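J.: Submitted below is the structure of interest, expressed as structure tokens.
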Amino acid sequence: MNEIIVYTDGGCSGNPGPGGWGIVVIADGVAKQLSGGEKLTTNNRMELTAAITALQVIHNTEGFSARPITINIDSQYVKNGITTWIKGWKAKGWKTADKKPVKNQDLWVQLDQLNEGLNVNWNWVKGHAGVEYNEVCDQLCKMEMSKFM
């Protein structure tokens, strides 16, 4: 089964401020780019939205959800959240270790539902380090942010 390779990025000018996200989904020799943004958001919400959108593309493309997926993401927040922290949050009724409500719970719930049942390897990549498709995602983010400035 051919692996699907995904790159995601999200960002914000000011935090909160105008935000953007970008993804590249590479499957069967085709690299599909998508992006979007919001007038007033946070960096973490844009990082989560990018990951959610990538998994939605996989779910909505026939035959993709059965394949192994590697998501390359430069957000430790999203990578650690979906692979480690979310188990504790759910067990504690969406509370953090210090008993505060989990920020961005609405997006975490969506990401968790999409991630369930998929064979996803969440791979952290260093941002702004010349990783080709991570740089493409960063440019998509900046393009989307500029629409609100």
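The values are calculated or read from the model by the stated rules, or taken from the named source; none is laboratory data. Owing to the predicted nature of the structure, the values given are computational and were not obtained by experimental measurement. Here the Cβ positions follow ideal geometry from the backbone for every residue, glycine too, while neighbour counts run over all protein chains shown. Please note that ligands, DNA and RNA were not included when accessible areas were found on the heavy atoms of the full protein model with its side chains. Shrake-Rupley method; radii C 1.70, N 1.55, O 1.52, S 1.80 Å.
J.: Contact list please: Cβ distance under 9 Å, first residue in region 77-101 and closer than 19 Å to Glu47 by Cα, second residue in a loop (DSSP other than H, G, I, E, B) and open to solvent by 80 Å² or more (accessible area, probe 1.4 Å), pairs at least six apart or on different chains.
T.: Pairs that qualify, where the first residue is closer than 19 Å to Glu47 by Cα and the partner is in a loop (DSSP other than H, G, I, E, B) and open to solvent by 80 Å² or more (accessible area, probe 1.4 Å), are Trp85/Ala97.
J.: If we scan region 65-72, do we find a residue that is of a type in the set (S, T, N, Q), in a helix (DSSP H, G or I) and within 25 Å of Glu135 (Cα to Cα)?
T.: no
J.: Same structure, new question: What pairs come out if I take residues in region 46-64 that are at negative phi and pair them with residues that are in a helix (DSSP H, G or I) and among the polar types (S, T, N, Q) whose C-beta lies under 7 Å away, six or more apart or interchain?
T.: Ile52/Gln110; Leu55/Asn115
J.: Looking only at region 26-35, filter to residues that are of a type in the set (A, V, I, L, M) and either touching a residue at least 60 places away in the same chain (Cβ under 8 Å) or within 26 Å of Met149 (Cα to Cα) (or both); which one of those is surrounded by the fewest Cβ atoms within 10 Å (Cβ to Cβ)?
T.: Across region 26-35, the extreme among qualifying residues is Ala31.
Table: residues versus (1) modelled with pLDDT under 95; (2) among the aliphatic types (A, V, I, L, M); (3) open to solvent by 60 Å² or more (accessible area, probe 1.4 Å).
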{"site": "Ile4", "(1), (2), (3)": "no, yes, no"}
{"site": "Gly14", "(1), (2), (3)": "yes, no, no"}
{"site": "Val24", "(1), (2), (3)": "no, yes, no"}
{"site": "Gly37", "(1), (2), (3)": "no, no, no"}
{"site": "Ile52", "(1), (2), (3)": "no, yes, no"}
{"site": "Ile71", "(1), (2), (3)": "no, yes, no"}
{"site": "Ile86", "(1), (2), (3)": "no, yes, no"}
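J.: Going through Trp108, Trp122 one at a time, which residue ends up being in a strand (DSSP E or B), at pLDDT 95 or above and under 11 Å from the mean Cα position of the chain (by Cα)?
T.: Result: Trp122 is the single residue among Trp108, Trp122 that is in a strand (DSSP E or B), at pLDDT 95 or above and under 11 Å from the mean Cα position of the chain (by Cα).
J.: If you don't mind, there's one more thing I want to ask. In region 70-77, is there at least one residue being of a type in the set (D, E, K, R), touching an Asp or Glu at 6+ places or on another chain (Cβ under 7 Å) and under 20 Å from Gly127 (Cβ atoms)?
T.: Checking region 70-77: at least one residue is of a type in the set (D, E, K, R), touching an Asp or Glu at 6+ places or on another chain (Cβ under 7 Å) and under 20 Å from Gly127 (Cβ atoms).
J.: Please find, within region 123-140, the residue that is surrounded by the fewest Cβ atoms within 10 Å (Cβ to Cβ) out of those that are out of contact with any Ser or Thr (no Cβ under 7 Å at 6 or more places or on another chain) and among the hydrophobic types (A, V, I, L, M, F, W, C).
T.: Only one residue fits best here, namely Ala129.
J.: Consider Ser13 carefully, then state whether it is under 15 Å from the mean Cα position of the chain (by Cα) and more than 17 Å from Asn104 (Cβ to Cβ).
T.: On the way: under 15 Å from the mean Cα position of the chain (by Cα): no; more than 17 Å from Asn104 (Cβ to Cβ): yes.
No: the conditions fail for Ser13.
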